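Notes follow the structure.
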Amino acid sequence: MIDVIQQYTAPYYAQIKFVHLVFMAMWFMSTSVAYRFYLVPIFREWMKSPGDIDRIRLRNWAMERFDDGARLEHVAFPMLLITGPLLMIAGGWSPVHGWFAMKLVIVVLIFIPIEVMDYYLAHFGGNKEKIRAAGQSGEAYEEAMHTHWWFLIVSSPIVVLTIPYVIYLVVVKPF
Ligand code: HEM
């Protein structure tokens, strides 16, 4: 089975890698400006005066937009998980290649768990617009807002370090 996939995909290695790279860029950067230059300053202002109705309104609007904007990242990620294994098979790569083994460890132990949580917070039970539209209590809305904010505070430094490291691993192949 793997041989058949390799036979059919190997001639398109460069094309698959092109697709992999485009979605890698979309996954890596699509929410960075929104997070760093919209969410962070807006939340910092809100935290200075948490009861201020205008700051609460702006915070809510920004986070609901952020939930929506995460769609780009969340289309790109599955595309990485499809094109990556295709590249692995087409190129004959395996975990005996140190760089690839380390890359897979980071994808499985860091990227996938973070993305699963991110999907939930942005599009499923944690989606703020859906909570508001469903007329759920302000408490439920606040809880979802705080959970998502803490998740971003904790996960952002992790991905800001590990994504460039994964790119370094696969471009430089240091081991
Ligand atoms: C999820 C996050 C991922 C990121 C950020 C990522 C990043 C990259 C980058 C930047 C390249 C291009 C390297 C170059 O041009 O030399 C690449 C290539 C590659 N990726 Fe990924 N990738 C990811 C997921 C995966 C997965 C899940 C797999 C396999 C299971 C995979 C397997 C590969 C392979 C085999 C190559 C080709 C290496 C080469 O031809 O030199 N990637 N990846």
Per the 1/(1 + (r/R0)^6) rule, R0 = 22 Å and r from the Cβ atoms of Ile158 and Ile82, FRET efficiency to 0.05 is 0.40
Set of lysines with alpha-carbon distance to Lys103 below 22 Å, sequence-local pairs under 8 removed: Lys17, Lys173
Starting with the highest mean, order 39-49, 77-87, 134-144 by the number of other Cβ atoms within 10 Å, averaged over the residues of each peptide. 77-87, 39-49, 134-144
Lysines near Lys128 by alpha-carbon distance under 23 Å, same-chain residues fewer than 8 away left out - which ones? Lys48
Could you tell me which helices of the chain pass both thresholds, a Cα extent of 27 Å or more along their own axis and a mean Kyte-Doolittle hydropathy of at least -1.0, with helices taken as whole DSSP H runs? 53-91, 138-172
When only Cα pairs under 8 Å and 6 or more residues apart are kept, what is the percent relative contact order across segment 2-172? 27
Measuring with a 1.4 Å probe in the full set of protein chains, what accessible area per residue, in whole Å², belongs to segment 2-172? 58
7 Å from Cα along Cα→Cβ at both Ala134 and Tyr8: what's the point-to-point distance in nm? 4.0
Stretched out fully, how many nm does the piece from Val171 to Val105 gain, at 0.36 nm a residue minus the Cα gap? 22.1 nm
Could you calculate the contour length gain from Gln15 to His146, that is, 0.36 nm times the residue separation minus the distance between their Cα atoms, to one decimal place in nm? 43.0 nm
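The values are calculated or read from the model by the stated rules, or taken from the named source; none is laboratory data. Nothing here was measured: the structure is a model prediction, and the numbers come from that model. Cβ: placed from backbone, ideal geometry, glycine included. Neighbour counts: every protein chain shown. Quick note on the areas: whole protein, heavy atoms, side chains included, nothing else; ligands and nucleic acids left out. Shrake-Rupley method; radii C 1.70, N 1.55, O 1.52, S 1.80 Å.
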